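Written below as structure tokens is the structure these notes are about.
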Amino acid sequence: FGKMTAAITVPLMAAATAGFQLSQSLDKSVARIKMVAGLSTSETAQMKKDIMDLSNKTGVAVEQVAEATKSIITSGVSAGDSMHYMADAINISKIAGSDLNETVGSLTKFTKAYNLTLEDQGHLNDQLIVTARLAHTELKDTIPALSGVAKSAADAGISVQQMGAAYAMMVNVGPRMR
């Protein structure tokens with residue numbers, strides 16, 4: 001009877017401890033979001049719920065969603081739009097097979113450079129996917145490559161579509177020029 005009790009109690013205690021630590025980590029992340037975004041207590045509670053819901057819906061760890069959300073809000077996306085933006089970022093990150101925080105960093109460069117709205121974000125993601133296909137490159141390589149020049153391209157009046165077309169042509173023609 002003692003071995004059986006230990007076999008049940010030990011895993012249950014470990015799960016409870018892990019759950020408590022996860023809750024503490026989420027609370028810290030949400031507190032940082034509250035501070036950065038200037039959220040009220042009720043807005044913070046809703047943000048925490050939204051982060052947990054998005055984590056459950058997408059299968060991405062709640063800590064990753066919370067940290068990426070903080071990055072998005074820090075970059076200038078409103079707290080109100082952040083969950084929609086996060087859903088798009090998670091989707092493109094999964095398609096690309098890339099790290100969520102790296103993807104968020106790249107996407108926010110585009111958002112800032114081109115002054116994109118939430119509605120524009122879906123079009124941007126589609127354009128990045130098309131560019132990677134045309135360039136015959138991995139999406140996880142295309143996104144950061146283009147985001148690195150997004151500000152300069154936007155300042156020069158070059159659209160994301162034009163930038164993507166130029167990238168695809170350079171990548172496809174480059175090796176043949178040897």
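Taken per residue, the accessible surface of region 78-178 reaches 54 Å², heavy atoms only and a 1.4 Å probe.
In this rough spin-label picture, where each label sits 7 Å from Cα along the Cβ direction, the residue 138-residue 49 distance is 4.0 nm. Counting Lys and Arg as +1 and Asp and Glu as -1 over every other residue whose Cβ lies under 14 Å from the Cβ of residue 103, the net charge comes to -3.
Within straight-line reach of residue 28, meaning a Cα separation under 16 Å, sit the following lysines at least 8 residues removed in sequence or on another chain: 48, 49, 70. Among the protein heavy atoms of region 49-172, carbon and sulfur supply 52% of the accessible surface, probe 1.4 Å, non-protein parts ignored.
In percent, how large is the relative contact order of region 91-178, given Cα pairs closer than 8 Å and 6 or more residues apart? Could you put the intermediate results ahead of the total?
Details: 72 pairs, mean separation 29.2, N = 88.
So the answer I get is 33 percent.
If I stretch the segment between residue 99 and residue 84 completely, what's the gain in nm (0.36 nm per residue apart, minus their alpha carbon distance), one decimal? If you can, show how the numbers build up before the last one.
Numbers: separation 15, 0.36 × 15 = 5.40 nm, distance 1.83 nm.
Here the answer is 3.6 nm.
Of all aspartates and glutamates in the structure, those lying under 20 Å Cα to Cα from residue 34, and not within fewer than 8 positions of it along the same chain, are 43, 50, 53, 63, 67, 81. Normalising the average separation of contacting C-alpha pairs (under 8 angstrom, six or more residues apart) by the number of residues puts the relative contact order of region 73-122 at 39 percent.
The values are calculated or read from the model by the stated rules, or taken from the named source; none is laboratory data. These numbers were taken from a predicted model, which means no experiment stands behind them. All Cβ positions, even for glycine, are placed from backbone atoms using ideal geometry, and neighbour counts span all protein chains on display. Surface areas here come from the heavy atoms of the whole protein model, side chains and all, with no ligands, DNA or RNA. Shrake-Rupley method; radii C 1.70, N 1.55, O 1.52, S 1.80 Å.
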